There are 4 protein chains.
Amino acid sequence: MIVVMTHNVENYDIDNILRKLEKAGFQIHLSRGVERTIIGAIGDKTRLTDLNLEAMPGVEKVVPILQPYKLASRAYKSEPTIIKVGDLSIGGDTIHVMAGPCAVESWEQLLQTAQIVKEAGATLLRGGAFKPRTSPYSFQGLEEKGLEMLAEARERTGLRIVTEVMDTRTVGLVARYADILQIGTRNMSNFILLREIAWAGKPVLLKRGSSATIEEWLLAAEYILAEGNREVILCERGIRTFDDYTRNTLDLTAVPVIKYLSHLPVIVDPSHAIGKWRFVEPMSRAAIAAGADGLLIEVHPNPSEAICDGPQSLNPENFRALMQQLNDIAGLMGKQIGHLPC
Amino acid sequence: MIVVMTHNVENYDIDNILRKLEKAGFQIHLSRGVERTIIGAIGDKTRLTDLNLEAMPGVEKVVPILQPYKLASRAYKSEPTIIKVGDLSIGGDTIHVMAGPCAVESWEQLLQTAQIVKEAGATLLRGGAFKPRTSPYSFQGLEEKGLEMLAEARERTGLRIVTEVMDTRTVGLVARYADILQIGTRNMSNFILLREIAWAGKPVLLKRGSSATIEEWLLAAEYILAEGNREVILCERGIRTFDDYTRNTLDLTAVPVIKYLSHLPVIVDPSHAIGKWRFVEPMSRAAIAAGADGLLIEVHPNPSEAICDGPQSLNPENFRALMQQLNDIAGLMGKQIGHLPC
Amino acid sequence: MIVVMTHNVENYDIDNILRKLEKAGFQIHLSRGVERTIIGAIGDKTRLTDLNLEAMPGVEKVVPILQPYKLASRAYKSEPTIIKVGDLSIGGDTIHVMAGPCAVESWEQLLQTAQIVKEAGATLLRGGAFKPRTSPYSFQGLEEKGLEMLAEARERTGLRIVTEVMDTRTVGLVARYADILQIGTRNMSNFILLREIAWAGKPVLLKRGSSATIEEWLLAAEYILAEGNREVILCERGIRTFDDYTRNTLDLTAVPVIKYLSHLPVIVDPSHAIGKWRFVEPMSRAAIAAGADGLLIEVHPNPSEAICDGPQSLNPENFRALMQQLNDIAGLMGKQIGHLPC
Amino acid sequence: MIVVMTHNVENYDIDNILRKLEKAGFQIHLSRGVERTIIGAIGDKTRLTDLNLEAMPGVEKVVPILQPYKLASRAYKSEPTIIKVGDLSIGGDTIHVMAGPCAVESWEQLLQTAQIVKEAGATLLRGGAFKPRTSPYSFQGLEEKGLEMLAEARERTGLRIVTEVMDTRTVGLVARYADILQIGTRNMSNFILLREIAWAGKPVLLKRGSSATIEEWLLAAEYILAEGNREVILCERGIRTFDDYTRNTLDLTAVPVIKYLSHLPVIVDPSHAIGKWRFVEPMSRAAIAAGADGLLIEVHPNPSEAICDGPQSLNPENFRALMQQLNDIAGLMGKQIGHLPC
């Protein structure tokens, strides 16, 4: 870290900083320039925020040099992390498509969707049993009944299940049914939930907060990793910007950036990012071309009857067409689309 | 709501929309223009999101006309809501200053701060016992011990207590100690927590999410109001923008906008919004001039020793100076700064 | 357009609105609901902003229904526009790569780069002779000398030239040398320059403003089209968001969105959007997979010696590798990479 | 500046950086840590961008320490700059209100508005003769005719004139009529226009770009200052964010921040920032309470007949009421509202 002192700093203030840094075990380099004195400090980066140097007299600003996360970084682990979900491996040369409805609405809707996405080549079934909705007057999910349906759909199709956990009190419940526990975008900074979910012993799909920087997203992953759960899949799902034509702005560059900064697998959810099914197909292709390890896609047998997020759901025909295109792009990337074991 | 049909829409698709709207009890007006056919529909706005019209064939877009919240709106209740916290009234002609440290660190620190802010004219003591921290390696709060200290500080000073709840499992615990339950910015869209906190029977201070629109913020309040708890205080605390000189961009215009759209009281937290104590004083003045019902300000007896958020904390001297200025501005606004009953 | 009246609007105010709309030639539909009265008006959308309805008593808000641009829209022209630049066709089944240095620095640098990008398969040479720089102390370009070098490089290599115009006074000068006139991101809303450049009779490459919505971007194109110049190529180059890991956030979804809303060709500039060469390769692939008609890429024979934007420039080796990958992806999209005529 | 080298950097690469920095006259400090080697360099900050260190092998990132602007900084000039406009002094203890219509529409409209704002206490008349409009189909201003009317209004009322320059070719023309030349938000980064306007020898009102950081805004001012024109008034007018209730988000914190970083006067334009007249009054009060040196406010004798920006214009009655409130707040700040000399 670099501590930049104010223009007219007193020696007394500089000494205070030096003492505090030394006490905290940092190695120090002092540079006195004509315009500014700056202090370089090298040491345990994870202790930085608690040092509170910016509040000390004579300090203009503190510039962190190293990333504040550790276990999530490439420097800590240079090999890509591959996560086993049953027989499936997420994060290597195989691209997995997780597909299904926004919300579990009924057994018929779920089973029909599961069969459609399985035939088209998906390996995991997504579907919300607990739904975070902006309005208190919207449908909030079938809750445990929905989880039971998801488990039953797995039984029938072999598809693995990914579904969201919204509350610390239901982590155990959801973990009994799901193969992958999803943290939704609104809960990325719900640090207590992150800790609790880590302990459930299941892989976690961590959606990026809609206003989270990449560093904050990796720090959220660090919360889970630091509890001993090393199975975190990151999911880019759009960030909030001034532009309003699409629901959010899909930040596809986050894919190669995550690959560069971290060893964790990263997938893309174009459906929620964009909010309009029409653009899900080209952006799914683009996500794979950018290097994503997988996709999370909303599919509904009849989008115009969907209880939630119909406008962004692909119908069966469009989903099948998309899967064929992805096959070809995966090939160009030296990868293949994953399949369920026969 | 207005449903705009695509350029080349089929009559068949228009009929489908009309049937769906009629079935849902909406009153309908159809306009066939040369360029577009549009359908106006008037009815229960809270049912809108579940209708899923945008996913239906022939629909280009759906434009909501009315606000999606109801209980939080001025149309529902034109008189400003005044919230009683012991003998204090929040939301009328009295401005209340809630001050204290970011985190409860120790009994000495808390008591000292409580005495300072009380003498300077604050009526409520703020202080976190559970702390949401971006990094898992940062101090996370004293938890129940911190709550006990807050209650003890109330005992000694008469200041009322406002402190954050982060988890559904600790709502009851925090409610046993606090006078006002705070929902932090990261939890504004934690809808399950909003519901749970509503049931605790205490006033709720609802911070704006750092990427929440004003409409989303009022919908979060609606979650609490819809559960029967009508005591919600809104708190503007900065939104995330591209600008990086201050921590967030304080959206002070939200104050008169909330006053126009809603009957709920609204206060401002300049400390967290800005992140630099130097600008807390002018922006506190500005907040009162804009019409805020109160302020939430970080004060620390010795900011450079604070465990968290020292850079944005006022020291006792600066806090006292600020309180005097606020008195004058409150007077101009036809209000006064609140005081503890003797 | 829909005019939403306030809750308690007077008949008198409604009549005023109706008279104003009728006078302006709009066709009107009035709906009186229990909660609100709304007025639908259909007519010349380009006259909308001058009507100033939102300032009239009793009006709560005005909701535009149709796009405010006309000549740029798919509704106006359903066939994609193909733009001829010498023998090259931009906007059809051929993908063109425009490559070169950020700034023309010297004849040696320019010629060397031109030869490198030509051999690797680019068809147009980019390079700034006039440079918009955030700091007044940075290098501002070789000006006319740079233009001469660009023309000379075209002479030697056959590559077509694209370069930026920054001032109405130099439109004619730049047009004498360039094949495509570029409007930079900072000038997207410089409406006088847009008009002036339209008259130069050359194709225009219109970069998206870094905080422009897609609608504003198409309205900027409309300024050029409305002057009779129908040869506009749109260029996505990243938007400004809160995220700071990359210079801007590349909004790749804008590519299929533009294809849906407009007939104009759209290319992508990943170099400026991202600011780090390392991520240019994956995002170039993604741009083509998303449907872009071409790319604008910074290449420098020796990026570490570049006077400007070295960090985002590909070196010759990386550029060659990229071009090979693009070939394959273009093939999957049913397109091919353009070549110079022999 | 701090150069952070990559984890596994070669000595050879470090030496290259050191040589380049030495050659450029920088004073160097090298720190070799276990995790990273970092190089501190102190020297001419204005040469930094041309050094292009981030493109050199082995460099992870370059962290600037000092502000890239010089003449605009408090470090360069600690006393506040006071700008003389005729008998008026902008930037000291006097607050000036610049008021008038968005656009000059007619002689009657202009004269009437001028008389209204003068009587209410404004000292400068604002009004656009050249109008930047998002749509090519909107009214674009009366041009020179409008300038003549502004000059005539000055003649009649004594009010000083502030009006916008949009093109390098009309700088001289506008300067013949206006007392203060305005650079609009869309032209803040039109660096050629900034230079040209500097030479006109008149004070410049520099609006903040709607997506400009404070640093970029001060660098734009630096363009003007560096040409020898030291009379720059900064004007905060809202930044573009995700929130859409107001037109832009008024960043009032920019006022004390500018006061801290720079010696230049700073005023606030709440009308354009917010876009709704209803909120102009409270935010004008707040601007003065935050320390602004003045206000730029849209006033129209009959907002519902305005050709542009009617919804954000105050009517005469509201403007008069506002001026009285400002008087009181100015007094609290130890300032007074400026008046025209009798």
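We did not get these values from a lab; they are worked out from the coordinates using the rules stated. Computed from a predicted model, the values in this text were never measured in an experiment. Don't worry about glycine lacking a Cβ; one is built from the backbone with ideal geometry, like all the others, and counts go over all protein chains shown.
Summary table
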{"read-out": "Inter-label distance for A:D328 and B:S78, nm, one decimal - labels placed 7 Å from Cα along Cα-to-Cβ", "value": "6.4 nm"}
{"read-out": "Of all chain D residues, the one whose C-beta is nearest the axis that brings D onto C, in angstrom", "value": "D:S211, 2"}
{"read-out": "Integer Hz, Karplus 6.51/-1.76/1.60 couplings in order for region A:292-307, x for Gly and Pro", "value": "5, 8, x, 9, 10, 10, 8, 10, 9, x, 8, x, 6, 9, 5, 6"}
{"read-out": "Inter-copy separations for B:I28, label at 7 Å along Cα-Cβ, nm, ascending", "value": "2.6, 7.7, 7.7"}
{"read-out": "R0 of 30 Å, Cβ-Cβ distance D:N8-A:L30: FRET efficiency to nearest 0.05", "value": "0.65"}
{"read-out": "Per-residue HN-Hα couplings for region B:105-120 [Karplus 6.51, -1.76, 1.60; θ = phi - 60°; Hz; x = Gly/Pro]", "value": "9, 7, 5, 5, 4, 5, 5, 4, 5, 4, 5, 4, 6, 5, 4, 6"}
{"read-out": "Computed magnitude of the charge dipole of chain B (debye, nearest 20; Cβ of K, R +1, Cβ of D, E -1)", "value": "380 debye"}
{"read-out": "Most mobile listed residue (A:E305, A:E317, A:E227) in chain A, GNM with C-alpha springs under 10 Å", "value": "A:E305"}
{"read-out": "Reach of B:K145 by Cα under 16 Å, taken over aspartates and glutamates that are not fewer than 8 positions away in the same chain", "value": "B:E105, B:E108, B:E155, B:E164"}
{"read-out": "Dipole of region C:2-63 [Lys/Arg +1, Asp/Glu -1 at C-beta], most positive-end residue of C:Y12, C:G33, C:I2", "value": "C:I2"}
{"read-out": "5 angstrom amide H check on A:A103, placed H, neighbours 5+ away", "value": "A:G128, A:C308"}
{"read-out": "Amide H partners (placed H, <5 Å) of D:H263, local residues excluded", "value": "D:R74"}
{"read-out": "Karplus 3J(HN,Hα) series, Hz, for region C:267-277 with 6.51 cos²θ - 1.76 cosθ + 1.60 (x for Gly, Pro)", "value": "10, 10, 10, x, 5, 6, 4, 9, x, 9, 4"}
{"read-out": "Candidates D:I183, D:I288, D:I42, ranked by Gaussian network fluctuation over chain D, Cα under 10 Å, top entry", "value": "D:I42"}
{"read-out": "Sites B:A151 and D:L173 - FRET efficiency at Förster radius 51 Å, r taken between beta-carbons, to 0.05", "value": "0.10"}
{"read-out": "Nearest-first distances (nm) between copies at B:P80, label 7 Å from Cα via Cβ", "value": "3.1, 5.9, 5.9"}
{"read-out": "Aspartates and glutamates whose Cα lies under 12 Å from that of C:K84, excluding same-chain neighbours fewer than 8 positions away", "value": "C:D179, C:E231"}
{"read-out": "Ranked list, fewest to most other Cβ atoms within 10 Å of each Cβ, for C:E155, D:E164, C:E144", "value": "C:E155, C:E144, D:E164"}
{"read-out": "Proxy reagent accessibility, fewest Cβ within 10 Å first, across A:K84, B:K335, A:K61", "value": "A:K84, A:K61, B:K335"}
{"read-out": "Nm distances between copies for D:E119, ranked from closest, using label points 7 Å along Cα→Cβ", "value": "5.4, 7.9, 7.9"}
{"read-out": "Amide H contacts of B:I337 (H built 1.01 Å from N, under 5 Å, at least 5 apart or other chain)", "value": "B:I95"}
{"read-out": "Computed label-point distance, nm, for sites B:D50 and A:L18 using a 7 Å Cα→Cβ extension", "value": "6.9 nm"}
{"read-out": "Highest average packing first - B:10-19, A:192-201, Cβ atoms within 10 Å", "value": "A:192-201, B:10-19"}
{"read-out": "When each of C:K61/D:K276; A:K259/A:K335; B:K23/C:K61; D:K259/D:K335 is checked by Cα-Cα distance, pairs over 20 Å", "value": "B:K23/C:K61"}
